[in-house]
Amino acid sequence: MNTTSQLGTTFARGIHPPEFKQLAEGQPIEVLPAPQQVTVPLVQHIGAPNENQTKPKQDVVVGDVIGSAEAFVCAPVHASINGKTARAGSVTLPNGRHVPA
């Protein structure tokens, strides 16, 4: 039986798929060490590709802008880890697209 709420049509009493948490539910949360190297694609959206804003061996900290563009549809890319940049290259995304990194 469907009911109507402020958000639209929903199912009575909701849907409760199996959670499959048996392997992890009793385990403590672990903090993983930072990786030695990361590759950050400069295209992480459907918009225009970003241009690299760093130079090789430049120090960056989490949150620094490492790629940006002035296109209408574009979002800047930020560093996700502290470290030094390497030379620009390219990377293949899971969809097969080759993009600058």
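Summary of computed values
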{"item": "Segment 57-86 - residue that is modelled with pLDDT of 90 or more, in a loop (DSSP other than H, G, I, E, B) and not hydrophobic (A, V, I, L, M, F, W, C) and, of those, surrounded by the most Cβ atoms within 10 Å (Cβ to Cβ)", "result": "Thr85"}
{"item": "Counted residues, segment 9-54 - those being among the aliphatic types (A, V, I, L, M), more than 18 Å from the chain's Cα centre (by Cα) and open to solvent by 100 Å² or more (accessible area, probe 1.4 Å)", "result": "4"}
{"item": "Positions within segment 87-98 being part of a loop (DSSP other than H, G, I, E, B) and in contact with a Pro (Cβ under 8 Å, 6 or more places away or on another chain), in sequence order", "result": "Arg87, Ala88, Gly89, Leu93"}
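The values are calculated or read from the model by the stated rules, or taken from the named source; none is laboratory data. Everything quoted here is computed from the prediction, not taken from an experiment. So basically every Cβ, Gly included, is an ideal-geometry build from the backbone, and we count neighbours across all protein chains shown. In case anyone asks, the SASA skips ligands and DNA or RNA and just uses the protein heavy atoms, side chains included. Shrake-Rupley method; radii C 1.70, N 1.55, O 1.52, S 1.80 Å.
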